[in-house]
Amino acid sequence: MTNVLQTMSTSDFLAGIAAIAPRFDTATYPQENLPADDWTLLTRAGVLLPTLPKEYGGRDSHQEMCRVVETLSEWNLPLGMYVTVITGVALRPIALWAGAEAKREVLPQYAGSDPMICGFASTEPGCGSAMSGMTTTFEEVDGGYRIRGRKHWQAFSSSAHWWLVSAKNDQGGEREYGYFIVKRSEGFRTLQPYEPLGLKVIDYGLNEIDAVIPEHRRIRADGRNLRPMVEMLMASRAMMAAMGCGFLRRISREAHAYADRRRIGPGPLSAIRFARYRLAAIDTSYAVCQALNHYLQTALDMKTDMIGAFPAVQAIKTVATERMLSAAEHYQQLVGGEGYRCESPTNISAQAFLDARVYTIFDGTNDLLSQQLAEYCLARTPGRPLSEYLANWALTAPAVAAHRLDLRFLDGELRQEHLVLAGRAIAYAFAISQVMRWAAETGADVDRARAAMEFLKADIAGVETEFGLLAAGVLDAKDGVPASPDEPPFSRSIPMPAEASRY
């Protein structure tokens with residue numbers, strides 16, 4: 001079976017995924033952890049193969065990785081995340097950076113039809129996005145490493161067979177970070193399951209690690225800082241465009257169908273002008289994610305080191321996930337009270353909103369990623385206004401020029417609160433450029449593209465308004481509460497100018 005899948009044409013392979021995906025339709029599929037038998041159906045269809053190198057039984061295709069996740073997300077958004085975590089977060093770093101012995105030991109297990117699962121254990125109870133605060137440690141022992149600590153909110157906390165685990169070593173007075181491939185049976189156990197609001201197909205929980213692993217299962221990565229972890233998370237962040245594209249195709253289709261059949265007085269809901277505005281907002285969110293997905297598939301490559309794509313990935317993740325959540329909320333508002341009912345026979349809006357909600361939080365909160373995007377740009381603008389840099393930067397220049405974007409409100413002193421907002425504005429300008437590129441390269445409907453760009457321009461105007469609120473003193477100290485101290489100028493995890501971007 002695997003050999004047949006490995007040699008199929010791309011069109012035939014993706015047709016097989018498209019044929020099985022409707023079985024997991026979120027309108028009827030149980031909201032529970034994915035059973036092993038159902039995961040077996042998907043592995044037999046080959047959902048993991050695009051991630052794996054051909055020498056280990058895979059198909060080795062960046063574009064197919066994207067298309068598989070897009071297809072699954074249209075029918076079941078959590079299932080798109082399920083596959084993304086295993087492929088883009090856990091297996092990809094092993095395929096790229098592990099030594100030959102570790103690859104031979106682990107990767108062939110994921111090329112077969114067995115329901116194998118692999119996770120990435122990073123977040124801890126005492127630290128979320130600030131991974132420098134992790135307490136999980138590693139130390140060298142005879143023949144390998146001992147890893148001890150606690151992790152939580154790991155996808156597949158109770159079900160993964162293998163783990164990619166991050167840890168640190170402070171011995172000798174100098175911190176070192178490390179990444180290790182750990183088998184569950186070596187000392188990875190679940191202490192407490194968590195109950196998430198959405199993404200029910202994925203199991204989460206609190207885990208304890210006390211494992212000794214052989215030396216060859218340490219990933220080759222620079223241990224001096226956390227930039228390798230940033231790179232390891234970039235593929236999943238970029239895949240938000242594929243997930244958003246599939247998810248919003250479904251939301252747009254279902255919202256229109258609901259509005260057309262729902263009668264309000266003598267006519268359908270879709271005849272009410274503000275209902276039509278909400279439908280337009282959903283459609284433009286879908287168009288934006290289509291454009292970002294086009295960029296993901298044609299300009300990025302998850303089969304290579306992606307650190308050069310840092311700014312594009314930050315922008316993709318923040319804009320795509322905002323669009324997913326915004327569209328889900330518009331859909332729920334259109335449906336009204338029935339949209340607050342899970343397992344409603346008329347719509348999926350309640351579950352869609354619950355599933356989309358977490359996307360702006362997981363994989364790095366959008367606030368953090370927006371700040372880092374602004375910091376990335378500022379690190380490259382010494383002595384120049386930020387607006388001037390954006391007018392000449394390849395990722396935003398087309399939008400600035402074509403739409404005469406006035407971004408001079410970004411040129412003042414930027415405190416931490418300004419950096420978050422500035423990053424959003426930069427991401428929206430990036431998205432406008434990508435909508436322009438998508439329309440030009442695919443022949444997308446001109447009116448759809450224009451509407452998408454108008455909504456994005458309104459988002460930039462909203463950021464400018466928020467700058468005005470800050471200037472009005474809404475964060476000024478009151479009642480003797482001191483203002484927060486200044487933050488360090490740049491995050492330690494963003495690529496600096498020497499690590500030039502080629503994207």
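The values are calculated or read from the model by the stated rules, or taken from the named source; none is laboratory data. Note that the structure is a prediction, hence the values are computed from the model and not measured. Using ideal geometry, Cβ is built from the backbone for each residue, glycine included, and neighbour counts are taken over all protein chains shown. Heavy atoms of the whole protein, side chains included, go into the accessibility calculation; ligands, DNA and RNA do not. Shrake-Rupley method; radii C 1.70, N 1.55, O 1.52, S 1.80 Å.
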Radius 9 Å from Cβ of residue 139, net charge of other residues (Lys, Arg +1; Asp, Glu -1): +1
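Per residue, how much accessible surface does segment 119-217 expose to a 1.4 Å probe? Answer in Å², no decimals. If you can, show how the numbers build up before the last one.
Details: 4100 Å² over 99 residues.
Using a 1.4 Å probe on heavy atoms only, each residue of segment 119-217 averages 41 Å².
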Relative contact order of the chain, pairs being alpha-carbon contacts under 8 Å that are 6 or more residues apart, as %: 13 percent
Along principal axes, Cα extents of segment 161-222, largest first, whole Å: 42, 23, 20
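Only four residue types carry charge here, +1 at the Cβ of Lys and Arg and -1 at the Cβ of Asp and Glu. Report the dipole size of segment 366-472 about the Cα centre in Debye, rounded to the nearest 20.
Values: 10 positive and 14 negative charges, 51 e Å.
Magnitude of the dipole: close to 240 debye.
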Estimated translational D of segment 8-115 in µm²/s (Stokes, Kirkwood radius over Cα pairs; 37 °C; 0.692 mPa s): 234 µm²/s
Normalised alpha carbon radius of gyration of segment 243-305 [divisor 2.2 N^0.38 Å]: 1.50
Environment charge of residue 163, counting only residues whose C-beta is closer than 11 Å and scoring Lys/Arg +1, Asp/Glu -1: +3
Highest to lowest packing among 288-299, 404-415, scored as the average C-beta count within 10 Å: 288-299, 404-415
Base-10 log of normalised Debye intensity for the chain (one unit scatterer per alpha-carbon) at q = 0.05, 0.13 Å⁻¹: -0.19, -1.33
Cross-link partners of residue 457 among lysines (Cα-Cα below 22 Å; sequence separation of 8 or more within a chain): 317
Highest-first arrangement of 438-445, 416-423, where packing means the average Cβ count within 10 Å: 416-423, 438-445
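If contacts are Cα pairs under 8 angstrom and at least 6 residues apart, what is the relative contact order of segment 1-95 in percent?
32 percent
Give me the mean projected area, in nm² to one decimal, of the convex hull enclosing the Cα positions of segment 89-240.
Orientation-averaged projected area of the Cα hull: 9.2 nm².
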Mean ellipticity per residue at 222 nm, deg cm²/dmol - from DSSP H runs of n ≥ 4 across the chain, formula -39500 (n - 2.57): -15500 deg cm²/dmol
In sequence order, calculated HN-Hα J values of segment 139-153 (Karplus, 6.51, -1.76, 1.60; Hz; x Gly/Pro): 8, 6, 10, 4, x, x, 9, 10, 10, 9, x, 10, 10, 8, 6
Kirkwood Rh, angstrom, segment 93-171 [1 / mean 1/r, Cα pairs]: 14.1 Å
Straight-distance crosslink candidates among lysines, where the alpha carbon sits under 26 Å from residue 168 and sequence neighbours closer than 8 are dropped: 103, 151, 183
Solvent exposure, largest accessible area first (probe 1.4 Å, DNA, RNA and ligands not counted), of 304, 360: 304, 360
Kyte-Doolittle mean at least -0.5, axial Cα span of 15 Å or more - DSSP H helices of the chain: 10-20, 227-238, 240-261, 273-299, 310-335, 366-378, 416-442, 446-471
Gyration tensor over alpha-carbon atoms, segment 366-472, equivalent ellipsoid semi-axes in Å: 24, 15, 12
Per-peptide average of other Cβ atoms within 10 Å, ordering 382-394, 214-226 highest first: 214-226, 382-394
